[in-house]
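A short write-up of the structure that comes next.
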Amino acid sequence: MRKSGVPYFSQWETPGMTLPVLAKGSQALLGDPLWHRSGAGTIEEYALWAVNVCGMACLKMILAARGEILPTLELARACTSYGGYVVNEIDDSIKGLIYAPFVRFVSERFGLRAETMTGVDASAIPELLSKRRFFIASVNSGIRWPEREPPSKGGHLVLVTSASTESIRFHNPSGHDEASQADVTLPLSVFDRFFANRGISVDA
């Protein structure tokens with residue numbers, strides 16, 4: 001497959017932070033020198049949110065494809081105001097991305113046509129992409145290592161930009177190196193091992 005032409009953004013401001021985060025958790029992000037680009041008010045706010053914003057990174061890429069580049073945390077705050085994230089201030093936990101409020105958010109704020117999709121077979125993704133340009137797919141984050149067997153499906157979001165009956169191409173906001181970040185191409189059968197059969201179709 002050719003390259004998508006869709007700009008790539010990591011959910012970390014420094015894309016190389018994935019392995020430190022896997023080793024040390026969100027505390028590793030306190031060492032991200034580019035944190036201020038996220039739109040966070042403090043580095044602590046950035047570290048709290050960045051591990052939760054794979055969906056906002058996907059949205060950022062969709063908007064960038066039409067020439068709009070917005071800070072990831074600015075998107076996350078706006079999405080939260082619609083209920084797309086639920087923040088528990090007692091234990092600093094964040095629940096989300098919650099699909100239905102996200103769909104309403106992107107429709108009202110950006111004029112994007114979006115739809116929550118469940119029960120989606122991997123083999124149906126090419127047809128979905130013939131109707132809408134993007135599919136934000138729920139996969140296991142271990143998809144960065146496609147040769148490994150995932151312990152479960154879902155929990156992480158990637159931006160699918162094209163698919164055929166044999167293969168699929170996507171941007172992964174938490175890829176750990178160039179090969180696992182932008183325009184990752186996998187056999188559809190491999191992708192299916194990680195795919196939770198749900199996501200959000202989006203037309204920019």
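Coordinate-derived values only; no laboratory data. Here the structure is a predicted model, which means the values were calculated and not measured. When we count neighbours, we look across all protein chains shown, and the Cβ atoms used for this are built from the backbone with ideal geometry, even at glycine.
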Qualifying positions in the range 157-204 - touching a residue at least 40 places away in the same chain (Cβ under 8 Å), among the aromatic types (Phe, Trp, Tyr) and in a strand (DSSP E or B): Phe195
Residue satisfying condition, being within 19 Å of Ala182 (Cα to Cα), touching a strand residue (DSSP E or B) at 6+ places or on another chain (Cβ under 7 Å) and not polar (S, T, N, Q), within set Cys79, Cys54: Cys54
When residues of the range 120-153 are limited to those that are out of contact with any Lys or Arg (no Cβ under 7 Å at 6 or more places or on another chain) and among the small types (Gly, Ala, Ser), the one farthest from Pro7 (Cα to Cα): Ser152
Some residue of the range 131-141 being loosely packed, with under 12 Cβ neighbours inside 10 Å, closer than 20 Å to Ile62 by Cβ and over 18 Å from the mean Cα position of the chain (by Cα): yes
